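Trainee: Attaching a single structure in structure tokens format; questions to follow.
Since every read-out is calculated from the coordinates, none of them should be taken as a lab result. What you see is a predicted model; the values in this text were computed from it and never measured. Note: ideal-geometry Cβ built from the backbone for every residue, glycine included; neighbour counts use all protein chains shown.
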Amino acid sequence: MMKRKNNLDEMQEQELLKIEHNGCWLAFWGLLIALIVQSFAFGNVDFKPLAGEWIVFMVLALYLAFACVRRGIWDRRLAMNTKTNLIISAVAAIAMGLLNAVIIFKNYHKPVGTIAAAVIVALITFVLCFVILSIMMEQTRKRKAAMEAEPEDANEI
């Protein structure tokens, strides 16, 4: 594959990276919001109308996650520790519990069943999120350590 000449200077390159960064996160959060709004609009959360957005959202989310782990990057602001994983998992669990509670109550109008289902969804979300974040944290640590380690051949030069 031929490389094309880059016509940008360093400042323009940095600005383009910022624009691309903001565009990526705008697409990510915009798709998530669109999925949530459409879930409420359709009520029964039929997957067919949401399939396209859901596929794009999941591909983008998985790409960002695996690309960061592969490069040993955790987050710009959040610490790579169990406390952070607990907080993120709790926030995700509460959000999913509330979202499911609204959808379930809208469909069935049973308060006790809605609460029970929301608690179960929240617990499952918390456990899955915490386990996945913990695995990714360990993989990121290993990758970062491997990247920072001096190669053995460097000492011989």
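Trainee: How high is the relative contact order of the range 75-152, in percent, counting Cα pairs under 8 Å that sit 6 or more residues apart?
Mentor: With pairs under 8 Å counted, the relative contact order is 38 percent.
Trainee: What FRET efficiency would be calculated for the residue pair L98, L8, taking the C-beta separation as r and a Förster radius of 35 Å, to the nearest 0.05?
Mentor: E between L98 and L8, to the nearest 0.05, is 0.20.
Trainee: State, to one decimal in nm, how far the label point of V127 lies from the label point of D75, with both points 7 Å from Cα in the Cβ direction.
Mentor: 2.4 nm
Trainee: Going through the DSSP H helices of the chain, which span 24 Å or more along their own axis at the Cα atoms while scoring at least 1.0 as a mean Kyte-Doolittle hydropathy?
Mentor: Passing helices, by number: 47-70, 82-108, 111-148.
Trainee: Something else now. The range 49-84: which trypsin sites (Lys or Arg not before Pro) are DSSP loop and have at most 15 other beta-carbon atoms within 10 angstrom?
Mentor: Passing sites in the range 49-84 are R71, R76, R77.
Trainee: So what is the relative contact order for the chain, in percent, with contacts set as C-alpha pairs under 8 Å and at least six apart?
Mentor: 25 percent
Trainee: Could you count how many Lys pairs in the chain have their Cα atoms under 29 Å apart, skipping same-chain pairs fewer than 8 positions apart?
Mentor: 8
Trainee: Take the chain, connect every pair of alpha-carbon atoms lying under 10 Å apart with a spring to form a Gaussian network, then pick out the residue of Q139, Q12, Q38 with the largest mean-square fluctuation.
Mentor: Ranking Q139, Q12, Q38 by mean-square fluctuation puts Q12 first.
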